[in-house]
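This report concerns only the one structure given below.
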2 protein chains.
Amino acid sequence: MMKFEVTILGSSSATPVFNRNPSAQLLNCNEKCYLIDCGEGTQQQLAKFNLKAARIDYIFISHLHGDHYFGLIGLLSSLHLNGRIKPMQIFGPKALLEILEIQFKYSDTVLRYPIEFFPIEADEPKLIFENSDLTVKTIVLNHRIPTTGFLFQQKKRQRKLIKDKAENVPMAYYTALKKGMDVELPDGEILRSEDYTVAADAPRSYAYCSDTLFDESYLPTIMGCDTLYHEATFMHDLLDRARETHHTTAQQAAEVANIIGAKKLLIGHFSSRYKTLQMLFEEAQAGFENTELAVEGRTFQL
Amino acid sequence: MMKFEVTILGSSSATPVFNRNPSAQLLNCNEKCYLIDCGEGTQQQLAKFNLKAARIDYIFISHLHGDHYFGLIGLLSSLHLNGRIKPMQIFGPKALLEILEIQFKYSDTVLRYPIEFFPIEADEPKLIFENSDLTVKTIVLNHRIPTTGFLFQQKKRQRKLIKDKAENVPMAYYTALKKGMDVELPDGEILRSEDYTVAADAPRSYAYCSDTLFDESYLPTIMGCDTLYHEATFMHDLLDRARETHHTTAQQAAEVANIIGAKKLLIGHFSSRYKTLQMLFEEAQAGFENTELAVEGRTFQL
C-alpha cells in the first residue's frame, strides 16, 4: 500500500508553550515529503523526530501569521548551508517571497538551490499542485488575514496485475489491462481486465484546515475527505472568543468532521491557556468518535 | 553583590544540531535582563530554562546572519500576544527593523508595545547604551557582513556605608561619604569617608565576540575585560576553513583571552561538524586555563 501519512511537528497556536511548538506537519506520500506550515523551531522538531529536512521538496504555507511560517527562513537557510542543490517548491501568500528575499539579501546569502515560488490567492479553491501521486487544492478559510488550507488527494491508481495470471499474457497488453480495459488477442480471444487485475487501494485524502472561523463556506471543498485536520483552538465555552479571533472550538471541529463525512478527525492548534489537552479531546470526541490529538511526534496513517 | 551573570541559550553556529541551538545569551545585570543575539528557537529555550521573556527590556543583535536573529520576530510576536505594553529597546543593524516591519505588516500586527530601535553601524567602537548599572559599547568585528560584538561594563559603584558606624551620622552627609568625600560637621569635626564606608565591588565587564576572523583590530576595545565570550567555531586544524569563513579557532580564542588579560574565557558558536565538544574545550584550555564551554543552560557569574 502506498505510504500516506502525516507527522505532527507542532500543535500550539500563536505562541510556543508547554513543549508545544507552533504549527507544522510533515506529509509523506509515496516517500515524497511535503511540509505543511512551518512555525518557529520546525527544523529543530524535524531533527528531534529523526525526520530529514533534506527530503522535503514541497512546502505549503497557509497564511502569514508567524506561528505558521517563522521557521521557514531558518529551515531554508540550513538546507542551503547543508549543501542542498535540488529545487524547493514553495506555495504560500505572495508576500512570503518578499519576506524571504529581504532576509537572504541582508545576510548576503545566494542560495545554492533554486526556490520555485507559487503565490497563492485566497479567493477561491484552486488546484495548485499535481504529480503522479496526488493533487493539492487550496481550501479558502475564513480568518483574520487571507488564509488557505490544503486538500491533499491521492490519485486514482491503476488496477494491479495478478502476477500468476499475467505471466501468460504478452507484456504489450499490461497497460490496457491495468487501465481496466478488456483486450482482444489476434486469435479473437478476449482477456478481461477483471480476470487479470485487482482494483488498487481507493485513493485517500487529507484536508488541512489551519486557522478559521467555523462557517459553511469551506465545507464543499473538503466534503467527503477521509482524514480531516482541523484547528480546535478553544473549548466551546469560549465560543465568543473563538468567533472574535476567527478560530474554531473543539465541538465545532467535530461538527465539521460530521458534516463532511470524514473518517477521522485530528485536532490541533491549541490555545496556550490549556496546559493539558484532555478536555479538548473529550469535547471533540463527544461530537465525533474517531478523534485524535494532533500533538508533536505523532504519526497518523491517512 | 550586584547580580551580573549570563545564561547561554544557544551555542551552535549556522544551523541547530545535536540539541545545540543557534546563538543567544541572556545577561542579567542587577535584575535587568539583556538579550544578546536571538537565533531561532530562543523563546523556546527561555521557557526551557524557566527564564521569563517578559523580563527582557533590551535586545542586542550582532549581525544579520540568521543564526543570530531568526528567533527575534517570534519572540517579539509572542510578547505582543502575551500582553506586553512596556517598550523594548533593540540595538542592531539598520536593516533589522525593515525585516521586522515587513513581517508585522503582512500579519496585520500592530504591536501593543513600542519598539525603540537603535541602528548600529559597524564602523568604529561606540557607546550605544548606558544606564545606572552599566554601559554597552560595540566591538567592531571582522566577519563576512557588518558585525559587532558588545562590551558590557558595569559602572563604578559608590562606596557602601558601614551600617553600625553610619547610624550616628546625620543622613544628610551620606551621599558625600559614599562618594568618597570627607565631611566637616558644623562643630569642626571631620568625618572621613574611609571610616564610614567601604569600597564597592570593582566593576566587572563582559565582552561578547560573536562571529569574527581572528585579527588584532578589535582587541583594543576589549582589552582588560574580565570575562570574554569568544566564538570558537573550529579546531585549529581547520584554520584555513576558519579564515575562509571569517571565523576563529579554539586555539585563537584562547590567544585573544591571553592578549587582553581576561580572567575567564567562554567559548561557543560550535560548528555542526563537532558532535561532542571536549576537543574544542581542551584545545582552548591548553592555551588559556580558565576556559568554559558556553553551552545551553549554563549560567556564568561574571
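The values are calculated or read from the model by the stated rules, or taken from the named source; none is laboratory data. As the structure is a computational prediction, the values presented were derived from the model and not from experiment. Every residue, glycine as well, gets a Cβ built from its backbone with ideal geometry; the counts of neighbours run over all protein chains shown.
Observations on the structure shown:
- Helices (runs of 4 or more DSSP H) enclosed by the range A:220-302 - at least 3 residues per element that are out of contact with any strand residue (DSSP E or B) (no Cβ under 7 Å at 6 or more places or on another chain) and closer than 19 Å to A:Ser62 by Cβ: none
- Residue match in the range A:149-167 (condition: within 14 Å of chain B (Cβ to nearest Cβ), at pLDDT 90 or above and surrounded by 14 or more Cβ atoms within 10 Å (Cβ to Cβ)): no
- For the range B:115-133, a residue qualifies if it is of a type in the set (A, V, I, L, M, F, W, C) and loosely packed, with under 14 Cβ neighbours inside 10 Å, and exactly one does: B:Leu127.
- Residue within the range A:12-25 that is of a type in the set (A, V, I, L, M, F, W, C), modelled with pLDDT of 95 or more, buried (at least 24 other Cβ atoms within 10 Å of the Cβ) and touching an Asp or Glu at 6+ places or on another chain (Cβ under 8 Å) present: yes
- Selection status of B:Leu9, touching a helix residue (DSSP H, G or I) at 6+ places or on another chain (Cβ under 7 Å), buried (at least 17 other Cβ atoms within 10 Å of the Cβ), over 29 Å from B:Ala232 (Cα atoms) and of a type in the set (A, V, I, L, M, F, W, C): no
- The range A:46-70, residues that are under 14 Å from A:Gly92 (Cα atoms) and in contact (Cβ under 8 Å) with a residue 60 or more places away in the chain: A:Tyr58, A:Phe60, A:Ser62, A:His63, A:Leu64, A:His65, A:His68
- The range B:71-103: number of residues that are free of Cβ contacts under 8 Å to residues at least 24 places away in the same chain and closer than 18 Å to A:Ile61 by Cβ: 1
- Condition check for B:Ile59: touching a Cys at 6+ places or on another chain (Cβ under 8 Å) and β-branched (Val, Ile, Thr): yes
- Within the range A:13-26, considering residues that are part of a strand (DSSP E or B), touching a residue at least 40 places away in the same chain (Cβ under 8 Å) and in contact with a Leu (Cβ under 8 Å, 6 or more places away or on another chain), the one farthest from B:Thr42 (Cα to Cα): A:Gln25
- Taking first residues from the range A:206-231 that are at positive phi and partners that are surrounded by fewer than 24 Cβ atoms within 10 Å (Cβ to Cβ), the Cβ contacts under 7 Å between residues at least 6 apart in sequence or on separate chains come to A:Gly224/A:Ile260; A:Gly224/A:Gly261.
- The lone exception for B:Lys3 - which of (1) more than 8 Å from every other protein chain (Cβ to nearest Cβ); (2) over 23 Å from B:Thr148 (Cα atoms); (3) in contact with a helix residue (DSSP H, G or I) (Cβ under 8 Å, 6 or more places away or on another chain) it fails: (3)
- Residues located in the range B:192-246, provided they are more than 23 Å from B:Asp133 (Cα to Cα) and touching a Cys at 6+ places or on another chain (Cβ under 8 Å): B:Tyr218, B:His230, B:Glu231
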